[in-house]
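Notes to accompany the following structure.
The values are calculated or read from the model by the stated rules, or taken from the named source; none is laboratory data. Bear in mind the structure is a predicted one, so any value in this text is a computation, not a measurement. Positions of Cβ are generated from backbone atoms using ideal geometry, with glycine treated the same way; all protein chains shown enter the neighbour counts. Note: areas computed on protein heavy atoms with side chains; ligands, DNA, RNA excluded. Shrake-Rupley method; radii C 1.70, N 1.55, O 1.52, S 1.80 Å.
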Amino acid sequence: MSLETLWLALLGLLLAGYFVLGGYDYGVQMLSPFLGTSGGTPTGPRERNAALDAIAPFFLGNEVWLVAFAGVMFGAFPHLEGSLLSGLYPLIVAILVGLVLGNAAIQLRGRSRDPRALRRWNALVVLGGALPAVCWGIVVGLLLHGVPRRADGSFHIGAGDVFAPFTLTCGVATALLFAGHGAAFVALRSEPELAATARRVGATLVASAGVASALALVLSLFGAGASMTRPGTSAVLFALVAAALAAGWWYLTRGNDTLAFTATCAATALPVLLVGAGQYPYLLAASSGAGLTVDDAVADHATLKLLIGFGVVVVPVILAYQAWSWWAFRGRTGRRHPSYF
């Protein structure tokens, strides 16, 4: 395996890891005000925190995957960073705003006892999850569709590209998928009563994500959606996404929390592979054809060899930290550890 391929695989692994781990964070945030009822009766401030308690031990820890992804992109694919971030600047800013708002609102919500203030913090918690989820879906949609390339070789993304039917459909599908993924995580981590509610909500959300994904496929078949350089590979990967969504829905309705969460993990990670493998050898495809290839975007061979130390040291540390945190806080919330928010 060449160094270029190795670093491309590592870049995809880090982004997929972020989608899986950050995805359930965003999903739980979006659902947190709506998973605190039992038998149709509001249960009060303490129980309304129960969904957020599921992500509390991992709070802010999952963003390390995004930081590592950015580090690999800056170091190993500097030309991709220069082309991609400049065009996606408004979306990147919106994602960061969502992260800041959501994280701050969760912290301040836990200190509030005023019902009106609590409602405001709840709204910001939901916004802090929904905004990054939708924006990441739009980014995936843009990369699948291809972005306009100027005469000088630079890429430009305008409002018409962001608000095109296909990219908006991808944004909605991703938000629904992350929300369903978050519900599966709450079902896996929470007490039986809340877990049962999370399963019902999660099954509906995963099914809705499947419908939105099917709409994106229809748009692609009619030439208004994805434009893939490897249609055969893309078809297989999309079928795997559909299978993962179907499995997630099936296991949520059957009450198998572990397999349901495994299925939604696969569904959130596969879009990254769809972008990478379906568009290969292009890292940034142009809507008019061609684009920025891996060879065009990658750093020189000497730089890649120098960066090997980063991959050898940092990535195992990230994996070890995640494994330790999951093991330390295994079990359902309230049994192994108390409330955090």
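Overview of results
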item	result
Residue satisfying all of: in region 161-202; among the small types (Gly, Ala, Ser) and not in a helix (DSSP H, G or I); most open to solvent (accessible area, probe 1.4 Å) among these	Ala164
Any hit, region 5-22, residues being at pLDDT below 80, surrounded by fewer than 21 Cβ atoms within 10 Å (Cβ to Cβ) and more than 22 Å from the chain's Cα centre (by Cα)	no
Residues (surrounded by 15 or more Cβ atoms within 10 Å (Cβ to Cβ) and either over 20 Å from Ala297 (Cβ atoms) or at pLDDT below 75 (or both)) located in region 147-160	Pro148, Arg149, Phe155
Unique residue being over 30 Å from Val313 (Cβ atoms), surrounded by fewer than 14 Cβ atoms within 10 Å (Cβ to Cβ) and of a type in the set (A, V, I, L, M) when the list is Ala130, Ala104, Ala123	Ala123
Residue among Val294, Val313 that is out of contact with any His (no Cβ under 8 Å at 6 or more places or on another chain), open to solvent by 20 Å² or more (accessible area, probe 1.4 Å) and over 12 Å from Val72 (Cα atoms)	Val313
Any hit, region 265-284, residues being of a type outside the set (A, V, I, L, M), under 29 Å from Glu4 (Cβ atoms), open to solvent by 60 Å² or more (accessible area, probe 1.4 Å) and in contact (Cβ under 8 Å) with a residue 60 or more places away in the chain	no
Evaluation of Val206 against (1) under 23 Å from Gln29 (Cβ atoms); (2) open to solvent by 30 Å² or more (accessible area, probe 1.4 Å) (one fails), failing number	(2)
Count of region 51-67 residues which are part of a helix (DSSP H, G or I) and either touching a Ser or Thr at 6+ places or on another chain (Cβ under 9 Å) or open to solvent by less than 10 Å² (accessible area, probe 1.4 Å) (or both)	8
Given (1) under 16 Å from the mean Cα position of the chain (by Cα); (2) farther than 25 Å from Trp250 by Cβ, number of the condition His156 does not satisfy	(1)
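Quick grid of which residues meet (1) farther than 27 Å from Gly82 by Cα; (2) touching a His at 6+ places or on another chain (Cβ under 8 Å); (3) of a type in the set (Gly, Ala, Ser):
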site	(1), (2), (3)
Leu143	no, no, no
Phe178	yes, no, no
Ser208	yes, no, yes
Leu217	yes, no, no
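Yes or no, residue by residue, for (1) at pLDDT 85 or above; (2) touching an Asp or Glu at 6+ places or on another chain (Cβ under 9 Å); (3) part of a helix (DSSP H, G or I):
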residue: Tyr251; (1), (2), (3): yes, yes, yes
residue: Phe261; (1), (2), (3): yes, no, yes
residue: Ala269; (1), (2), (3): yes, no, yes
residue: Gly278; (1), (2), (3): yes, no, yes
residue: Ala285; (1), (2), (3): no, no, no
residue: Gly289; (1), (2), (3): no, no, no
residue: Val312; (1), (2), (3): no, no, yes
residue: Gln322; (1), (2), (3): no, no, yes
residue: Thr333; (1), (2), (3): no, yes, no
